[in-house]
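The values are calculated or read from the model by the stated rules, or taken from the named source; none is laboratory data. This one's a predicted model, so the numbers in the text were calculated from it and none came from an experiment. Note: ideal-geometry Cβ built from the backbone for every residue, glycine included; neighbour counts use all protein chains shown. Each accessible area value is taken on the protein alone, full model and side chains, heavy atoms only, with ligands, DNA and RNA left out. Shrake-Rupley method; radii C 1.70, N 1.55, O 1.52, S 1.80 Å.
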Amino acid sequence: MSYLLTLSKSLSLDGYKKINFLCAGARGNGKSYGTLILVAELGSFPRLDKNQLLGTGQLPTQIYCVDFKNSDMARLAEFLPAGRVATNKEEAIDVVTRYDQLMHQRLDFIKKKSFGATAGTLGMPMYYLIIDEWSATNAAFNQGITRIDKDLRYKWNSLITDIAMLNRVPGFGLGIISQQISVINSGLNSSIQEEAGLKLHFGSANMSSYRLTFGNDIQIPEMNLETGEAYAWIEGLTSSGYVIPFAMPEIEPNKLWNYLRQSLSCTQDDEKYLFFTSKGQ
Ligand SMILES: Nc1ncnc2c1ncn2[C@@H]1O[C@H](COP(=O)(O)OP(=O)(O)O)[C@@H](O)[C@H]1O
Ligand SMILES: [Mg+2]
């Protein structure tokens, strides 16, 4: 499978079918770090050997990110082309506007293909927009009363909604990381919450906090999760029943940085992969 995303040796999923992911958990539990491990995987898709973190790079996922804390995620700017990483409101609007435009260009391209075609059936590389510290980002956009603030707020909300509504067919994923990902507390549009194919909650938390992530209809085992360990809800797999506990691979920071360099250095180009198809017409 071209888009096989491996969370742990025993847990993998189709990254294209479960295109939107939500990642919750208290600070320091491995949300950003875990997501960076997934970025290294995504950027070098397809991964053929589950014992090797990096794949062959023929279908490299194009990575875009918003990180207002200007921390680990934002440092990906070292490997990404200009215009991929945002650390403030103006930059975020620029990055997300570009992402949305590319998504629409790809959608127009796919519409000219045979009925029912998608980026997945055409074997196109995915694009991914990752927003770290979603609640803080959203709060920043909700502050301010000047005309410019209101304009940015309006643009932000409409861009995110547009992407969340249309992103499956073109394969333009949305990854949202937040200490809390409930709709009520985080300003998360309910359609994003409902559309997420993968929900992760990192680290130990009290039951009410897990409930905010997973809802009330799912069983949550009583375990003690450490940094880098999480519960997963995967659409179709865990719709009823239990969330799945798993551990991300443990990787030293220097090693992860090297993986990210290898994965992203020569594979990132806004235009080059936009209309690239590896199968079908
Ligand atoms: N899978 C992992 N392998 C090795 N170290 C990890 C892993 N996950 C987390 N860590 C360590 O824990 C620290 C905190 O993780 P981080 O992802 O920044 O937490 P969060 O984003 O949830 O606040 C990281 O800087 C890293 O040192
Ligand atoms: Mg973090």
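Anything in the range 117-139 that is at pLDDT 95 or above, under 27 Å from L80 (Cβ atoms), among the aliphatic types (A, V, I, L, M) and more than 15 Å from the chain's Cα centre (by Cα)? List them, or say none. Of everything in the range 117-139, those that are at pLDDT 95 or above, under 27 Å from L80 (Cβ atoms), among the aliphatic types (A, V, I, L, M) and more than 15 Å from the chain's Cα centre (by Cα) turn out to be A119, L122, M124.
For Y210, the criteria (1) in contact with a Ser or Thr (Cβ under 9 Å, 6 or more places away or on another chain); (2) free of Cβ contacts under 8 Å to residues at least 40 places away in the same chain; (3) within 16 Å of N29 (Cβ to Cβ) hold in every case but one, which is (1). Checking the stated criteria, L48 turns out to be away from ligand 2 (no atom under 16 Å from the Cβ) and either open to solvent by 10 Å² or more (accessible area, probe 1.4 Å) or among the acidic types (D, E) (or both). From the list T267, T227, the lone residue that is hydroxyl-bearing (S, T, Y), assigned to a loop (DSSP other than H, G, I, E, B) and closer than 26 Å to Y64 by Cβ is T267. Considering L53, L59, L122, the condition of being assigned to a loop (DSSP other than H, G, I, E, B), within 16 Å of ligand 1 (Cβ to nearest atom) and touching a residue at least 60 places away in the same chain (Cβ under 8 Å) is satisfied by L53 alone.
Residues of the range 10-32 being out of contact with any Lys or Arg (no Cβ under 8 Å at 6 or more places or on another chain), outside any loop (DSSP other than H, G, I, E, B) and either open to solvent by less than 10 Å² (accessible area, probe 1.4 Å) or away from ligand 2 (no atom under 16 Å from the Cβ) (or both), which ones? Those that are out of contact with any Lys or Arg (no Cβ under 8 Å at 6 or more places or on another chain), outside any loop (DSSP other than H, G, I, E, B) and either open to solvent by less than 10 Å² (accessible area, probe 1.4 Å) or away from ligand 2 (no atom under 16 Å from the Cβ) (or both): L11, L13, D14, N20.
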